[in-house]
1. How many residues are part of a loop (DSSP other than H, G, I, E, B) and touching a Pro at 6+ places or on another chain (Cβ under 6 Å) if we restrict to region 194-245?
2. Please pick out the residue among I353, I346, I311 that is surrounded by 20 or more Cβ atoms within 10 Å (Cβ to Cβ), over 17 Å from the mean Cα position of the chain (by Cα) and aliphatic (A, V, I, L, M).
3. Taking the options E359, E308, name whichever one is touching a residue at least 12 places away in the same chain (Cβ under 8 Å), of a type in the set (D, E), within 21 Å of H286 (Cβ to Cβ) and touching a helix residue (DSSP H, G or I) at 6+ places or on another chain (Cβ under 9 Å).
4. What number of residues within region 318-342 satisfy the criterion of being in a loop (DSSP other than H, G, I, E, B) and over 18 Å from M107 (Cα atoms)?
5. How many residues does region 317-370 contain that are touching a Leu at 6+ places or on another chain (Cβ under 6 Å), of a type outside the set (A, V, I, L, M, F, W, C) and at pLDDT 95 or above?
6. Looking at (1) part of a helix (DSSP H, G or I); (2) under 27 Å from the mean Cα position of the chain (by Cα); (3) not aromatic (F, W, Y), which one does Q145 not meet, given that it meets all the others?
7. Among the residues of region 69-126, write down those that are outside any loop (DSSP other than H, G, I, E, B), over 17 Å from the mean Cα position of the chain (by Cα) and without any contact (Cβ under 8 Å) to a residue 24 or more places away in the chain.
8. I'd like the residue in region 264-284 that is of a type in the set (G, A, S) and within 15 Å of the chain's Cα centre (by Cα) and, out of all such residues, is surrounded by the most Cβ atoms within 10 Å (Cβ to Cβ).
Amino acid sequence: MKNLVLFLVILLFITNTYAEELTPERIEKESIRAIYIPMADTYAGIVAFEKYRDKMVYAEYSIERMASWPELRAYFISGEVDMAFIMCPMAMDMFLEQPNFRCVSLMQRDGSALAINDLLNVHVNLSPNKADRKPDYKVANAYTQIKNEIGKPSQCAVSSLLATQTVVLYKYLKDYGKTLALGRGETEDVVAVAVAPINSPAFIKKNNSRGIPASFEQSLPWADVVETQKFGHVAWYSKDVIVWPNGHVECIVIATDDCIKSKSHALKEVIQYIHQAGLDIEMARHKGSQDMLAISDTIRLHIPEHNEEAILQSLRPDLNVINYKNLNVDKKGLKLIMELAVEAKILKKFLDIDAFTDEHFSTDITQIKN
């Protein structure tokens with residue numbers, strides 16, 4: 001009897017000790033450092049940081065803003081960070097050079113727009129109602145008319161020549177028999193030039209003051225920034241150019257192979273909360289102004305250049321021009337962007353989508369139909 005009591009005491013001691021070791025307070029958190037560019041694509045990552053980082057058990061999640069895509073690319077390649085929120089074609093180009101990372105999630109679907117300045121709008125005459133602004137022939141024909149008038153193609157700013165927005169612009173022009181040059185060109189209808197997203201409103205404003213028709217195709221809410229500040233106009237949204245179930249792939253999450261291998265629990269937790277934050281944004285945009293103002297305040301802690309009205313306009317539920325649902329890896333959607341990018345000569349060649357992606361970090365909470 002004494003032996004049995006002694007055995008039970010020892011068993012209870014071992015059980016309690018083991019349980020204490022597994023409590024959240026005793027788990028040593030793994031650092032998950034993410035980098036981003038100031039665009040609506042990254043809103044879920046920002047909301048996850050502000051709302052959920054203290055609730056994370058495995059991850060010490062941090063985010064750091066980059067000034068440009070070249071800076072973000074170089075910093076990620078350096079190996080000093082674990083994750084990047086990045087444009088799909090750029091990630092593919094990096095993977096072709098050095099396949100030591102994977103796409104582990106989407107950041108959002110759809111989410112970019114074409115903005116034109118007043119001089120370009122003279123040829124287009126956009127509807128005052130944004131819901132009526134579709135990627136029809138008007139802007140495409142205006143590009144050709146301007147080229148004939150000034151003797152060279154006008155410039156359209158994109159955040160990078162390797163951006164999803166460049167693919168969208170190519171697809172739009174192709175649909176109307178127009179051509180796109182990358183960086184420079186004399187015979188094409190439009191020339192895409194790389195301008196950091198944060199500088200794109202100044203690009204529109206400067207060209208307008210110089211009497212030069214110009215445009216940009218950038219991630220939201222930059223098009224709404226120029227319209228709310230009354231020196232440009234939203235011409236159309238990318239969701240109407242590349243029509244895809246649940247919305248086309250735009251910005252994705254990439255994680256290093258080292259992070260995937262050595263910090264898998266922490267990485268999965270961060271992605272889980274990014275997906276949850278995406279759904280929080282979706283719920284807020286449908287609940288009403290007070291909830292959206294709270295989301296806007298959270299975003300503007302990190303991106304003050306996105307004025308409140310531009311954020312609210314970009315997230316209007318009636319337009320639904322960007323969404324944060326169905327964020328698990330979409331191989332077919334990635335393949336579509338890749339094929340268009342290769343066709344446009346934005347990417348040099350195809351890559352193996354299966355090798356490029358890792359679906360182990362998928363969640364259930366994000367699968368919601370539009």
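The values are calculated or read from the model by the stated rules, or taken from the named source; none is laboratory data. What you see is a predicted model, and the numbers here were worked out from it, not measured in a lab. Every residue, glycine among them, receives a Cβ derived from its backbone with ideal geometry; neighbour counts consider all protein chains shown.
1. Residues in region 194-245 being part of a loop (DSSP other than H, G, I, E, B) and touching a Pro at 6+ places or on another chain (Cβ under 6 Å): 1 in total.
2. Answer to the selection: I346.
3. E308
4. 2
5. 0
6. If we test Q145 against (1) part of a helix (DSSP H, G or I); (2) under 27 Å from the mean Cα position of the chain (by Cα); (3) not aromatic (F, W, Y), just (2) comes out false.
7. Those that are outside any loop (DSSP other than H, G, I, E, B), over 17 Å from the mean Cα position of the chain (by Cα) and without any contact (Cβ under 8 Å) to a residue 24 or more places away in the chain: A74, I77, E97.
8. Among them, the one singled out is G278.
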